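Undergrad: Following this message is one structure expressed as C-alpha cells.
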C-alpha cells in the first residue's frame with residue numbers, strides 16, 4: 001500500500017538524510033534558513049542602531065544642556081550592546097548542519113533565553129532611563145545653575161511650608177518613587193511589547209513553522 005503524504009512528511013522530518021521526501025525536506029530547510037538569517041540580519045541592525053544612538057546621545061544632550069541625562073543613558077545602551085553581542089555570538093554558533101526541525105528548535109531555545117533575559121533586564125532598564133531623564137531636566141548643564149533648584153525657589157515663594165528632602169520637594173520624590181516602582185513592575189511587559197514591535201512578525205512565523213513541523217512529526 002502506498003504511503004500517505006502525511007506519513008511521507010513525517011519520515012522526511014525524522015530522518016535527516018531520508019530520500020523519501022527530499023523536496024519536502026529541502027523546502028523546510030530553505031524556510032528555516034531564511035527565517036533564521038532574516039532574524040540574524042535584523043538583530044545585527046538593531047545592535048548597530050543602539051550603538052549609534054549610544055554615541056550620538058552624548059553630543060546631543062550636551063548641546064541641549066542635559067548631560068546628566070545623556071551620560072547615564074549612553075552607559076545603559078552600551079551595557080545593552082555588550083549583552084546583545086554575547087547573545088549574537090550564541091546565535092551565530094547555532095549548528096546550521098542540523099536538519100530543519102532541530103535547527104529551528106535550537107533557534108527557538110535561543111529566542112526563549114533572549115526573551116527571558118530581555119524581560120528581566122527591562123525591569124531595571126526602564127526605571128533607569130526614567131531617572132536619567134529626570135536627572136537631565138533637574139540638574140541641567142554641568143557647571144551652570146541647576147534648573148530644579150530654580151523651580152524649587154519659585155515654589156517656595158507660593159508654598160513656604162513645602163517639605164524638602166535634600167533640597168527636593170517631598171511630593172517630587174514620592175512621585176519619582178511611584179514612577180520607578182510602576183516601571184519596574186511593568187518593565188517586563190514593556191520590554192516584551194518593544195521586542196514584539198521589532199521581531200514580532202518573525203517570531204510569529206517561527207511559532208507557526210514549529211507547530212506545523214510538530215504536527216507532522218506527531
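The values are calculated or read from the model by the stated rules, or taken from the named source; none is laboratory data. Since the model is a prediction, treat every value here as computed from it, not as a measurement. So basically every Cβ, Gly included, is an ideal-geometry build from the backbone, and we count neighbours across all protein chains shown.
Undergrad: I'd like to know if region 141-152 contains one or more residues that are touching a residue at least 24 places away in the same chain (Cβ under 8 Å), surrounded by 14 or more Cβ atoms within 10 Å (Cβ to Cβ) and either over 27 Å from residue 40 (Cα atoms) or under 28 Å from the mean Cα position of the chain (by Cα) (or both).
TA: Checked against the condition, which is being touching a residue at least 24 places away in the same chain (Cβ under 8 Å), surrounded by 14 or more Cβ atoms within 10 Å (Cβ to Cβ) and either over 27 Å from residue 40 (Cα atoms) or under 28 Å from the mean Cα position of the chain (by Cα) (or both), region 141-152 yields at least one hit.
Undergrad: Now a separate question. With respect to residue 123, is the statement that it is loosely packed, with under 14 Cβ neighbours inside 10 Å and within 17 Å of the chain's Cα centre (by Cα) true?
TA: It is false that residue 123 is loosely packed, with under 14 Cβ neighbours inside 10 Å and within 17 Å of the chain's Cα centre (by Cα).
Undergrad: Would you say residue 163 is touching a helix residue (DSSP H, G or I) at 6+ places or on another chain (Cβ under 8 Å), surrounded by fewer than 13 Cβ atoms within 10 Å (Cβ to Cβ) and more than 18 Å from residue 111 (Cβ to Cβ)?
TA: Criteria met by residue 163.
Undergrad: Determine whether residue 160 is over 23 Å from residue 202 (Cα atoms), free of Cβ contacts under 8 Å to residues at least 40 places away in the same chain and not in a helix (DSSP H, G or I).
TA: For residue 160, the condition - over 23 Å from residue 202 (Cα atoms), free of Cβ contacts under 8 Å to residues at least 40 places away in the same chain and not in a helix (DSSP H, G or I) - is met.
Undergrad: Exactly one of these conditions fails for residue 88: (1) surrounded by fewer than 15 Cβ atoms within 10 Å (Cβ to Cβ); (2) within 30 Å of residue 212 (Cβ to Cβ). Give me its number.
TA: Only one criterion is unmet by residue 88, namely (1).
Undergrad: Another one. Tell me whether region 166-178 contains one or more residues that are closer than 18 Å to residue 135 by Cβ and touching a helix residue (DSSP H, G or I) at 6+ places or on another chain (Cβ under 6 Å).
TA: no
Undergrad: Just checking, which of 62, 68, 28 is modelled with pLDDT under 85, over 19 Å from the mean Cα position of the chain (by Cα) and surrounded by 13 or more Cβ atoms within 10 Å (Cβ to Cβ)?
TA: 28
Undergrad: A further question follows. What residue, of 52, 81, is within 23 Å of residue 129 (Cβ to Cβ), surrounded by 13 or more Cβ atoms within 10 Å (Cβ to Cβ) and at pLDDT 90 or above?
TA: Just a single option satisfies the conditions, and that option is 81.
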